[in-house]
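A quick write-up on the structure given underneath.
Derivation of every value follows stated rules applied to the coordinates shown; laboratory data play no part. Owing to the predicted nature of the structure, the values given are computational and were not obtained by experimental measurement. Neighbour counts are summed over all protein chains in view; Cβ atoms, including those assigned to glycine, are modelled from backbone coordinates with ideal geometry.
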Amino acid sequence: MRLKVFSLLLITGLLAQAQNNLSGRVVSAETGEPIANAEVWNKTLSQVAVANLNGEFEMSDIPGGTYDFAIFSYEYAIQERSITIEDNIEMTFELAPLAESLSEVMITNRREQLFALRKLRQVEGTAIYAGKKTEVVLMDKVVGNLASNNARQIYNQVVGLNIYDNGDAGLQLNIGGRGLDPNRTQNFNTRQNGYDISADVLGYPESYYTPPPEALEEIQVIRGAASLQYGTQFGGLINFKFKEPVPDKKIELVSRQSVGSYDMFTSFNSLGGTLGKFSYYTYYNYKTGDNFRPNSEYDSHNAYAHIGYKFNDHTNISLEYTFLDYLAQQPGGLTDEQFYENPDFSNRPRNWFDVNWNLYALKFEHAFSKKTDFSFNLFGLDASRKAVGFRVDRVDQADNLDSPRELLVDDFSNWGAETRLLTRYDLFDEESVLLLGAKYYDADNYQRQGPGSASMGPDFSFADDQYPNYPRQSEFRFPNENIAVFGENIFNITNNFSVTPGFRLEYIKTRSVGAYKNIVLDLAGNPLLNETIEDDRDYSRNFVLLGLGSSYNLNATNELYANFSQNYRSVTFNDIRVINPNLVIDPDITDEEGFTTDLGLRGRLQNKVSYDLSIFGLKYNDRIGQVERSTDRDIFQYRSNIGDAFIFGLETFIDWNLKNTFFDFSEDKRLNLFVNAAFTESEYVRSNEINVEGNKVEFIPAVNLKTGINFGYKNFLGGLQYTYLSEQYTDATNAPQDRNDDISGIKGTIPAYGILDLSASYSYGKFRLEAGINNLLDNTYFTRRATGYPGPGIIPAQPVTWYTTLQLKL
């Protein structure tokens, strides 16, 4: 027995001694100067080391063996090498500078190669992505309408997204997936540069502000077990990562001016650079237009500023401020009959929507050692959204220009702090990674609903004195508090197999303090009753969410992954208190809970095919939805916890590089074919509502397809994309579409639709010209039936539109 123990200890000691270090420098092959921030990536182990200002790097704890390495920096050619490591070694990597005369196609091909290398690794900064379904939209690769933030083009390689078309130059992003409501991306945790940007993470998780794609470096979409690090939501995370200040210039200017159909004009202008230890990036973005329907003008101003200071290689701090102010006229919704007769029609000339957004963020990052990193994010929001208009349950009813409009005003004031500590340690002769974090979030939001003026313009002042008996009046404060502690640990069982368990401990306290009016009118409009009812609620809960992820590297470029995560979603302000003439809210409505699981295979085959194939399951308990109810006097939509649902499907993405397959010798050509397809099934497995159990779940097309081809020659790039979504239901009763519906336009299916988009660009020196046509076949379709703003009713999507952009980069 002692001999066995001794042998085991001896073997363990020998294995422990077999951990080696690779260190050295990355320099320019032309000048010998160090290349700061160059990345040395061990492709076999998915480890990365970043060179400091002197080009020095070190990668530790490497078991003996032969590994595939890639060394790259954005201004230099990629170097790939196979290195045998049996001891501590020191190497100097010399990278060849890229020629300034590279064509746009050659640069794009290189970016595609970089993208294959720069997928979200197991660990980045103080975040863990091991075992999760992650997708990255690299903005430099997008060939599409960036000026209008065309989501179906920008997110064309993110599988299974259901997208609402707004036609407002992309002022708001509306995406969902796997049966989650796309409205203002409310089922994803939306962040920019790692901090929250939605109105209220708990009480009003809608994203009224969307960063312009022209300012972004990449968009990270993280699903599966993402809830453990970023919140409790079912959808996962969308993180908008802004462009970083250019490290080798004191100033860089990018100016993009765009025009398009229906008087669209956008202007994006950015400045960035580095001055010693200081760095900065700032932009101003202006958008204006009329859209294709009457009463649909919009005007937007958006600005952003980032200032960073790098104390040394281990410590840096940054400060960010974001401003958005936009005013949009809303043409309202249509009934089915109106839509098929004339989708350009609008009978809502007095509906307006106004948003003012002010975001603040302070970020501190420090590396205690080569193995331990720390980050601290302090962020705050001071914002408002205001909506005024004529909103009745009979969509076909013309606006009574002499009547008061309904006015909703929300003021959002919240702040939060999130801290993370990530450390690497040795366990069973393998490097494991531990992440621990905590988040505090405090919100005190205000909401008022009541009569607005009878004027035509965007007047957002209340008219209580003129209309004291307006039927829908309320005023509330919503103080919310959230404390969360979370953690994950990557256990590397072998070089190729890892298991990542995690937890999230949540304390949520939501309150509503205020009152609403109970007003009863006779048939002549005279008040029979006008009373104020106090309605204070206090709801506290705490719970633990658990998750587990796993990853197995088949080789350096192909991976099998699986994960499971519990989810939770609290009721929102709208679920609790907003009075909607088109909806009746269940007073006992409560939170939702469930879980998400993924099993997938992803990777790259011989630099020719990139793929991600996965199956998923989502259990949704106490799902909030809508059903139709009726009384002797009325038929209305009822919003409540409809029941338990199960959603499952197959999500596939394949990108075939035809150029590398058939004519790899031709560096000035580009030809890629991609297929992004999701096939989804769903069922309500339990419900107390009539005619719901056994039905399909809302917002789920059985087939969700995006496919296309990207092509190019020298400085010319182009892309042709086709999008198809099959029919989907909009309520839990699976009400069919009624083309003769001349009343509401709220209930019924969204019919199947297909859209063809064409985009192209040409670069010449410091200039770049982009142009395209969206909905090339001029199909008439719609993607949503709104129950409130900007409807109610069918919101028609845009017909054929064109755009063109001129860019100058200095």
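Find me the longest stretch of the chain that has none of the exposed trypsin sites (Lys or Arg not before Pro), where exposed means in a DSSP loop (not H, G, I, E or B) with at most 16 other Cβ atoms within 10 Å.
My reading of the result: 395-607 is the longest stretch.
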Within the set 241/747; 249/659; 133/371; 243/706; 132/706, which residue pairs have Cα atoms separated by over 29 Å? 241/747; 249/659
Any idea how far apart residue 630 and residue 509 come out in nm if each label point goes 7 Å out from Cα toward Cβ? 4.7 nm
Per-pair calculated FRET efficiency, R0 = 30 Å: residue 60 and residue 440 via Cβ, rounded to 0.05: 0.30
Residue 249 to residue 286: extension gain in nm, 0.36 nm per residue of separation minus the Cα-Cα distance? 10.7 nm
Taking only the alpha carbons of the chain, what extent do you get along each of the three principal axes, in Å, biggest first? 93, 70, 47
Could you work out [θ]222 nm for the chain from helices alone, using -39500 (n - 2.57) per DSSP H run of at least four and dividing by all its residues? Round to the nearest 500 deg cm²/dmol. -1500 deg cm²/dmol
Diffusion coefficient, µm² s⁻¹, Stokes-Einstein with Kirkwood Rh over alpha-carbon pairs of region 360-478 at 10 °C and 1.306 mPa s: 85 µm²/s
Pseudo-spin-label distance residue 278 to residue 461, built 7 Å along Cα→Cβ, given in nm, is 4.4 nm
Residue 778 versus residue 606: modelled label distance in nm, points set 7 Å from Cα along the beta carbon direction: 4.6 nm
Per q in 0.15 1/Å, what log10 I(q)/I(0) does a Debye calculation on the alpha-carbon atoms of region 160-279 return? -0.79
Once both axes come from the Cα atoms, what is the angle between helix 104-117 and the longest principal axis of the chain, in degrees from 0 to 90, rounded to 10? 80 degrees
What FRET efficiency, computed as 1/(1 + (r/R0)^6) with R0 = 45 Å and r the Cβ-Cβ distance, is obtained for residue 658 and residue 542, rounded to the nearest 0.05? 0.25
Test of understanding: ordering 551, 565, 763, 666 by Cβ neighbours within 10 Å, fewest first, what list do you get? 666, 763, 551, 565
Consider a paramagnetic label point 7 Å from the Cα of residue 804 along Cα→Cβ; state which residues of region 767-797 have an amide N under 17 Å from it. 767-774
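Provide the gained length on full extension for the span residue 494 to residue 398, in nm with one decimal, where the gain is 0.36 nm per separating residue minus the Cα-Cα distance.
That works out to 27.7 nm of additional length.
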Taking a temperature of 10 °C and a viscosity of 1.306 mPa s, what whole-number D in µm²/s does Stokes-Einstein yield for region 286-411 with Rh from Kirkwood over alpha carbon pairs? 87 µm²/s
Per the rule of 0.36 nm per residue minus the C-alpha distance, extending residue 344 to residue 367 adds in nm 2.6 nm
Over 15 Å [Cα-Cα, region 719-789], rounded percent: 66 percent
Using the Cα gyration tensor of region 666-810, with a ≥ b ≥ c the square roots of its eigenvalues, what is the shape: rounded (a/c below 1.5), prolate (a/b larger than b/c) or oblate (neither)? prolate
Rounded, prolate or oblate: pick one for region 149-190, where a ≥ b ≥ c are the square roots of the eigenvalues of its C-alpha gyration tensor, a/c under 1.5 means rounded, and failing that, prolate if a/b is larger than b/c, else oblate. oblate
Cα principal axis extents for region 448-600, largest first, Å: 78, 34, 25
In region 634-689, the chymotrypsin sites (Phe, Trp or Tyr not before Pro) that fall in loop regions by DSSP, at most 12 other Cβ within 10 Å: 663, 665
So if the hydrodynamic radius of region 445-525 is defined as the Kirkwood radius over C-alpha pairs, what does Stokes-Einstein give as its diffusion coefficient at 10 °C and 1.306 mPa s, in µm² per second? 89 µm²/s
